[in-house]
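**Student:** Pasting a structure below so you can have a look.
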Amino acid sequence: MDEGMINDLLPLVPAVEKTTGLRRSEVQISRWCTKGCQGVVLQSTFLGSKRLTRIKWVQQFMDETAAAKMAKHQAASKATS
């Protein structure tokens with residue numbers, strides 16, 4: 001990785017907090033990186049033993065998760081109609 005790419009990497013909790021304004025536990029965010037949520041996985045990378053992510057990756061994860069939840073909700077609404 002070049003220096004510019006490393007500079008925008010942040011630890012998980014601060015990246016999510018800066019993006020959403022909400023504080024989530026490191027365990028929960030790590031789970032988003034490994035197992036995902038609603039079929040969407042938060043992109044991350046390791047620098048040494050520390051898992052890091054980018055603001056744009058968190059934004060993308062949040063957008064895709066919201067879209068997946070909306071699609072699931074709409075499918076459930078159609079099934080009960």
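**Student:** Here's a check for you: in segment 1-10, which residue that is part of a loop (DSSP other than H, G, I, E, B) and modelled with pLDDT of 85 or more is nearest to V27 (Cα to Cα)?
**Tutor:** Step one: filter segment 1-10 for residues part of a loop (DSSP other than H, G, I, E, B), giving 1-2, 8-9.
With the extra rule that they be modelled with pLDDT of 85 or more, the set shrinks to 8-9.
Numbers: D8: 22, L9: 18 Å.
So, considering only residues that are part of a loop (DSSP other than H, G, I, E, B) and modelled with pLDDT of 85 or more, the one nearest to V27 (Cα to Cα) is L9.
**Student:** Filter segment 11-40 for residues that are part of a strand (DSSP E or B) and within 25 Å of K69 (Cβ to Cβ) and give the result.
**Tutor:** C37, V40
**Student:** If D63 passes every condition in (1) out of contact with any Lys or Arg (no Cβ under 8 Å at 6 or more places or on another chain); (2) surrounded by 12 or more Cβ atoms within 10 Å (Cβ to Cβ) but one, which one does it miss?
**Tutor:** So the condition that D63 fails would be (2).
**Student:** Taking into account only those residues within segment 6-40 that are within 14 Å of Q60 (Cβ to Cβ) and polar (S, T, N, Q), which is surrounded by the most Cβ atoms within 10 Å (Cβ to Cβ)?
**Tutor:** The qualifying residue surrounded by the most Cβ atoms within 10 Å (Cβ to Cβ) is T19.
**Student:** Kindly check whether there is at least one residue in segment 41-59 that is exposed (fewer than 12 other Cβ atoms within 10 Å of the Cβ), small (G, A, S) and not in a strand (DSSP E or B). Spell out the reasoning first.
**Tutor:** So the first thing to find is which residues in segment 41-59 are exposed (fewer than 12 other Cβ atoms within 10 Å of the Cβ), and the list is 46-50.
Keeping just the survivors that are small (G, A, S) gives 48-49.
Still in the running and not in a strand (DSSP E or B): 48-49.
Yes, some residue in segment 41-59 is exposed (fewer than 12 other Cβ atoms within 10 Å of the Cβ), small (G, A, S) and not in a strand (DSSP E or B).
**Student:** To continue, here is another question. Restricting to segment 41-59, name every residue that is of a type in the set (F, W, Y) and closer than 24 Å to M70 by Cβ.
**Tutor:** The one that is of a type in the set (F, W, Y) and closer than 24 Å to M70 by Cβ: W57.
The values are calculated or read from the model by the stated rules, or taken from the named source; none is laboratory data. Keep in mind that this is a model prediction, so the values were computed, not measured. In this analysis, Cβ positions are derived from the backbone assuming ideal geometry, glycine residues included, and neighbour counts consider all displayed protein chains.
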